[in-house]
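In what follows, a single structure is set out as structure tokens and then discussed.
Readers should treat all values here as calculations from the given coordinates under stated rules, not as data from a laboratory. Just so we're clear, the structure is a prediction, and the values are computed from it rather than from any experiment. Here the Cβ positions follow ideal geometry from the backbone for every residue, glycine too, while neighbour counts run over all protein chains shown.
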Amino acid sequence: MFHQIRLLPEDRSLLRFVWRDLHSDKPVTVYEWQVLPFGTTCSPCCATYALQRHTKDHSQEDEQLRQSVENCFYVDNCLKSVPTPEEAHHLVDNLRALLSSAGFILRQWASNEPSAISHLPEDLRSTSAELWLAQDRADTSEPTLGLSWHFPTDTLGYKHRSVSYGAPTLRNIYNVLASQYDHLGFILPYTTRAKMLVRCLWEHQRGWDDPQLPPELLQQWRAWEEELQFLPRVFLS
């Protein structure tokens, strides 16, 4: 998505990088980004603005289409529910037509109603959706917004993101905590316990890599970490 958005000429000099093609005897070459790059803090905001500005300028006669882009997109992920398969089919086609005119080609389409996306080319449909339909609707899911969308139940769920580490140091504890993605905040009562544990470790003036944790805090950490395996049982309907 980002690379479909051109930078203003006056902004390109602010996003330079050097390259020497691995030959240390040659001078470096300075390049400028021509399109919106990954990695800059402003890129998601700029991409969202471009998406919504194009929609505002080209969807005046279709209120549902405009609202779908303005309210149902999170950067380049779109989650939308409609009452009937016919409306879903219509919305899919209209979204594709609107956004492809700006260079945004929508891919990885998935639906728990096959007729909504069956007319799309196979390369535009989600691999997970294809697998689900091919296996007589076996239980599978599609990653979206850091969560998992479960087709059969039409619910969002969490994944257990395991992190391998040695001793339970402050650095490793924080790494495990940061790996549990919860941008919607539904499991805050759980993750807050680990955050309070990190705060307590700072109050004990432990270094990032100090393996000697206070026994009572180590016990709290082990108990919290043991509960991570139950995250896939959390569903949002």
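Which of the lysines could a cross-linker span from Lys195 if the Cα-Cα distance has to be under 24 Å and same-chain partners fewer than 8 positions apart are dropped?
Straight-line reach from Lys195, under 24 Å: Lys159.
Of Asn175, Thr153, Ala50, which is farthest on the positive side of the dipole of the chain, counting Cα position, with +1 on Lys and Arg Cβ, -1 on Asp and Glu Cβ, and the Cα centre as origin?
Asn175
With Kirkwood's inverse mean 1/r over C-alpha pairs for Rh, give me the Rg to Rh ratio of the chain, two decimals please. Present the calculation step by step, with values, prior to reporting the outcome.
Values: Rg = 23.1 Å, Rh = 21.7 Å.
Rounded to two decimals, Rg/Rh equals 1.06.
Could you check the simple spin-label distance between Leu145 and Met196, using points 7 Å along Cα→Cβ, in nm with one decimal?
Between Leu145 and Met196, the label points sit 2.8 nm apart.
How large is the helix-only mean residue ellipticity at 222 nm for the chain, computed as the sum of -39500 (n - 2.57) over DSSP H runs with n ≥ 4, divided by its residue count, in deg cm²/dmol to the nearest 500? Could you put the intermediate results ahead of the total?
Working: 7 runs with 87 residues, N = 237.
One gets -11500 deg cm²/dmol as the mean residue ellipticity at 222 nm.
Under 8 Å for C-alpha pairs, at least 6 residues apart: give me the relative contact order for segment 96-237, rounded to a whole percent. Before the final figure, lay out the partial values.
Values: 148 pairs, mean separation 28.6, N = 142.
Here the relative contact order equals 20 percent.
List the residues whose amide H sits under 5 Å from the amide H of Arg125, counting only those 5 or more places along or on another chain, with H placed 1.01 Å from N in the peptide plane.
Gln108, Trp109
Output ³J(HN,Hα) for segment 185-192: one whole-Hz value per residue in order, computed from phi by the Karplus curve 6.51 cos²θ - 1.76 cosθ + 1.60 with θ = phi - 60°, and x for Gly and Pro.
Residue by residue, segment 185-192 yields x, 6, 10, 4, x, 7, 5, 4 Hz.
Count charges around Arg171 for me, please; just the other residues with Cβ under 14 Å from its Cβ, Lys/Arg as +1, Asp/Glu as -1. Each step should come with its number before you reach the end.
On the way: positive: Arg206; negative: Asp209, Asp210.
Neighbour charge sum, excluding Arg171 itself: -1.
Using Cβ counts within 10 Å as a stand-in for footprinting exposure, how do His89, His204, His183 rank, fewest first? Could the numbers behind the result be given before it?
On the way: His89 19, His204 12, His183 9.
Listed from fewest to most nearby Cβ atoms, that is His183, His204, His89.
Quick one: which residues, 5 or more positions from Thr155 or on another chain, have an amide H under 5 Å from its amide H? H modelled 1.01 Å from N in the peptide plane, none for Pro or chain starts.
Amide H neighbours of Thr155, under 5 Å, 5+ apart: His150.
In percent, how large is the relative contact order of the chain, given Cα pairs closer than 8 Å and 6 or more residues apart? Let's see the in-between values first.
Details: 250 pairs, mean separation 27.9, N = 237.
For the chain, the relative contact order is 12 percent.
Which lysines does Lys56 reach when only Cα atoms under 23 Å apart count, and residues fewer than 8 places away in its own chain are ignored?
Lys80
Just to check I understand the Karplus step: with θ = phi - 60° and J = 6.51 cos²θ - 1.76 cosθ + 1.60, what whole-Hz values come out for segment 204-215, glycine and proline as x?
Per-residue couplings from phi come out as 7, 6, 8, x, 4, 10, 7, x, 8, 8, x, x Hz.
Amide H neighbours of Thr140 under 5 Å, counting only residues 5+ apart in sequence or on other chains, H built in-plane at 1.01 Å?
Phe151
Give the average over all directions of the projected area of the C-alpha convex hull of segment 170-236, one decimal, in nm². The partial results should precede the final answer.
Working: hull surface 18.3 nm².
Mean shadow area of the hull around the Cα atoms is 4.6 nm².
Quote to one decimal, in nm, the extra length available between Thr29 and Leu218 on full extension: 0.36 nm per residue of separation minus the C-alpha distance between them.
Working: separation 189, 0.36 × 189 = 68.04 nm, distance 5.14 nm.
Computed gain between Thr29 and Leu218 is 62.9 nm.
Considering only DSSP states other than H, G, I, E and B, which trypsin sites (Lys or Arg not before Pro) in segment 159-197 qualify as loop sites with at most 13 other Cβ atoms within 10 Å? Let's see the in-between values first.
Working: sites: Lys159, Arg161, Arg171, Arg193, Lys195; in loops: Lys159, Arg161.
Here the trypsin sites (Lys or Arg not before Pro) that fit, given the DSSP loop and packing criteria, are Arg161.
Only sites in a loop by DSSP and with at most 13 other Cβ atoms within 10 Å count here; which chymotrypsin sites (Phe, Trp or Tyr not before Pro) in segment 9-39 make the cut? Please report the intermediate quantities before stating the final value.
Values: sites: Phe17, Trp19, Tyr31, Trp33, Phe38; in loops: Trp33, Phe38.
Sparse-neighbourhood loop chymotrypsin sites (Phe, Trp or Tyr not before Pro): Phe38.
Using the Cα centre of the chain as origin and beta-carbon charges of +1 (Lys, Arg) and -1 (Asp, Glu), tell me which of Leu120, Gln219, Pro85 is placed farthest towards the positive end of the dipole.
Projecting each Cα onto the dipole axis, the largest value belongs to Gln219.
Output wanted: per-residue J couplings in Hz (rounded whole) for segment 216-222, from phi through Karplus 6.51 cos²θ - 1.76 cosθ + 1.60, θ = phi - 60°, x for Gly and Pro.
5, 6, 4, 5, 4, 5, 4
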